[in-house]
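Bear in mind these aren't lab numbers, they're just calculated from the coordinates by the rules spelled out. Not measured: the values here are computed from a predicted model. Cβ: placed from backbone, ideal geometry, glycine included. Neighbour counts: every protein chain shown.
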Amino acid sequence: MELILLADIYSLPNLKADCENYLSAKLSTANFLQVMKVAETAGSEVLEKKIVSFLISDIEKVEQEVDTQLIPSRLLVKAIIGAKSLKK
């Protein structure tokens, strides 16, 4: 996960995109909080969108396995809005 941070610091967009794709594919409840923090630090909109999608699709599992109090409210709001728009 450090590689994406270095790619961001040194402005290496191709490497950052590769890291985003890799972390998006590996996102799970086990690494959810770590990926969320890395996405915030690296300013990754790609990972943030994946995190919100993950919240929408697996909310029960996230609630059971992740300390949801550590999830920023703005991500939770995006997930709620996203879930409501899917129902329409």
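Tabulated data
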read-out	value
Nearby lysines by direct alpha-carbon distance to K49 (threshold 17 angstrom, same-chain neighbours under 8 apart not counted)	K16, K26, K37, K78, K84
Cleavage-rule hits, chymotrypsin sites (Phe, Trp or Tyr not before Pro), the stretch 5-67, DSSP coil, Cβ neighbours within 10 Å at most 15	Y10
For the stretch 2-60, alpha-carbon Rg relative to the globular expectation (2.2 N^0.38 Å, N residues)	1.07
